[in-house]
Amino acid sequence: MSGTENESSVLENKYAISILLQLKDVDYLVKGDLARNLAKGSSTVQARISELVAAGLVTEKRESTKPFKIFVSLTPRGKTVANMLFAIEEFLRDKNDY
């Protein structure tokens with residue numbers, strides 16, 4: 001599977017686009033907080049983050065001291081995808097205003 005196929009298939013999964021859009025305008029979010037913001041700590045969100053990491057759209061960095069928080073951020077490619085998704089979302093919202 002190529003990177004593009006991997007990216008497109010992961011974006012079809014529940015919460016994937018929401019995760020990218022949540023990260024779009026911030027340097028990072030704590031993984032647990034991100035999951036709670038989207039789905040009250042859903043294990044689905046945790047799995048989706050792992051898929052986005054595998055697709056090269058998101059990175060995780062683990063804190064070196066307790067309580068070992070995991071920080072999630074967009075890769076440069078993830079930032080590009082998030083910006084495109086945001087533009088599409090705005091276009092569709094504007095189109096519905098007509």
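The values are calculated or read from the model by the stated rules, or taken from the named source; none is laboratory data. These numbers were taken from a predicted model, which means no experiment stands behind them. Cβ sites come from the backbone with ideal geometry, for glycine too, and all protein chains shown count toward neighbours. To get the accessible areas, we keep the full protein, side chains included, count just its heavy atoms, and leave off ligands, DNA and RNA. Shrake-Rupley method; radii C 1.70, N 1.55, O 1.52, S 1.80 Å.
Listing for the model above:
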{"item": "Flag for Arg77 being open to solvent by 70 Å² or more (accessible area, probe 1.4 Å), farther than 15 Å from Val10 by Cα and of a type in the set (Lys, Arg)", "result": "no"}
{"item": "Lone unmet requirement of (1) modelled with pLDDT of 95 or more; (2) within 17 Å of Lys31 (Cβ to Cβ); (3) open to solvent by 80 Å² or more (accessible area, probe 1.4 Å) for Leu52", "result": "(3)"}
{"item": "Flag if Glu90 is open to solvent by less than 90 Å² (accessible area, probe 1.4 Å), without any contact (Cβ under 8 Å) to a residue 12 or more places away in the chain and not aliphatic (A, V, I, L, M)", "result": "yes"}
{"item": "Residue list for region 55-74, restricted to those being assigned to a loop (DSSP other than H, G, I, E, B) and open to solvent by 60 Å² or more (accessible area, probe 1.4 Å)", "result": "Ser64, Thr65, Lys66, Pro67, Phe68, Lys69"}
{"item": "Residue among Ser18, Ser42 that is surrounded by 14 or more Cβ atoms within 10 Å (Cβ to Cβ) and modelled with pLDDT of 90 or more", "result": "Ser18"}
{"item": "Search result, residues across region 21-39 that are more than 12 Å from the chain's Cα centre (by Cα), without any contact (Cβ under 8 Å) to a residue 24 or more places away in the chain and open to solvent by less than 70 Å² (accessible area, probe 1.4 Å)", "result": "Asp33"}
